[in-house]
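See structure below.
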């Protein structure tokens, strides 16, 4: 479709995987780099007009930026190369629509698109959370917040698996994908520690009215599991904050999300996180705060979220 090839810069998750699959199918990209959104905001990733970004903060100089984060509409003026739709369920859907998806992509991509949309908008049912299967299960495996990567060394890295899956997803159905040895290895580990994960979740969670706070900072081992399980264990709470150290340990991450089983929270999370140098959607977002300021910020977050109800 395109003679010129670009680099895709995206997140290492289900949405990034499907964006990569779509753009590779169109023969638009010849290189992929996975990055953290905060690194984009902080200017740590060099971006040029040879780059296409998806599901990441807008950076000047990019060729095309696809996104659906509400906070990005507040952070940026409108630009022609910033293809953003805050109502889209995933950045993959924004890419799909931009390239006239139904006309261009094969019909069998439909279930993959449904999987990406469901995962990135967290449109899960109770059953999906407690007994994940098909694309939902793959999305939990690919989500860094599930924590498989930090738990053990796999035969190949998550990066290499993502690269393999971008090619594989274009040619295989989800049952075949889950049977791939490198995927199956992760599936087995995910289910192996399910009980330990739930027990640890209960022990690390404190409730502040409508808010559940899961604080992993003092945990030597954090068992792998999906980040939505907290809502099945604490059904009365309508919003949660997962707290853990950033990679460099001098910052604390507040990863915030609304309950997907009790949809009564009135907080606009993306807007709230933007006030602390982070970002996100109306229903999910995160910020990273220096350790010495983290308790003050946490107190403020609890106060604001409780006030919103």
The range 124-151, residues that are exposed (fewer than 15 other Cβ atoms within 10 Å of the Cβ), in contact (Cβ under 8 Å) with a residue 60 or more places away in the chain and not in a helix (DSSP H, G or I):
150
Which condition number does residue 306 fail, the rest of (1) in contact with a helix residue (DSSP H, G or I) (Cβ under 7 Å, 6 or more places away or on another chain); (2) surrounded by 14 or more Cβ atoms within 10 Å (Cβ to Cβ) being met?
(1)
Return the total of residues in the range 259-269 being under 21 Å from residue 146 (Cα atoms) and crowded, with 22+ Cβ neighbours inside 10 Å.
2
Quick check on my filter: what residues within the range 278-308 are more than 18 Å from the chain's Cα centre (by Cα) and at positive phi?
none
Residues of the range 220-254 that turn out to be at pLDDT below 95, in contact with a strand residue (DSSP E or B) (Cβ under 6 Å, 6 or more places away or on another chain) and surrounded by 22 or more Cβ atoms within 10 Å (Cβ to Cβ), as a count:
0
Residue tally, condition farther than 27 Å from residue 111 by Cβ, at pLDDT below 95 and out of contact with any strand residue (DSSP E or B) (no Cβ under 6 Å at 6 or more places or on another chain), over the range 47-69
4
Mind checking which pairs have a first residue in the range 160-177 that is in contact (Cβ under 8 Å) with a residue 60 or more places away in the chain and a second that is assigned to a loop (DSSP other than H, G, I, E, B) and crowded, with 17+ Cβ neighbours inside 10 Å, Cβ under 7 Å, 6 or more apart or different chains?
162/12
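Yes/no per residue for (1) surrounded by 13 or more Cβ atoms within 10 Å (Cβ to Cβ); (2) assigned by TED's automatic domain parsing to the domain that holds residue 297; (3) part of a helix (DSSP H, G or I):
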position	(1), (2), (3)
153	no, no, no
159	yes, no, yes
175	no, no, yes
203	no, yes, yes
Output yes when any residue across the range 34-51 is closer than 20 Å to residue 277 by Cβ, touching a helix residue (DSSP H, G or I) at 6+ places or on another chain (Cβ under 6 Å) and in a loop (DSSP other than H, G, I, E, B), and no when none is.
yes
Quick one: residue 166 ticks every box in (1) buried (at least 18 other Cβ atoms within 10 Å of the Cβ); (2) in a helix (DSSP H, G or I); (3) assigned by TED's automatic domain parsing to the domain that holds residue 279; (4) touching a helix residue (DSSP H, G or I) at 6+ places or on another chain (Cβ under 9 Å) except a single one, so which number is it?
(3)
Matching residues in the range 289-309 - criterion: being assigned to a helix (DSSP H, G or I) and in contact (Cβ under 8 Å) with a residue 24 or more places away in the chain
291, 294, 297, 298, 301, 302, 304, 305, 306, 308
Return a yes/no flag: does the range 82-103 have any residue that is surrounded by 20 or more Cβ atoms within 10 Å (Cβ to Cβ), assigned to a loop (DSSP other than H, G, I, E, B) and touching a strand residue (DSSP E or B) at 6+ places or on another chain (Cβ under 7 Å).
no
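The values are calculated or read from the model by the stated rules, or taken from the named source; none is laboratory data. Fair warning: this is a prediction, and the values are worked out from it, not measured in the lab. Positions of Cβ are generated from backbone atoms using ideal geometry, with glycine treated the same way; all protein chains shown enter the neighbour counts.
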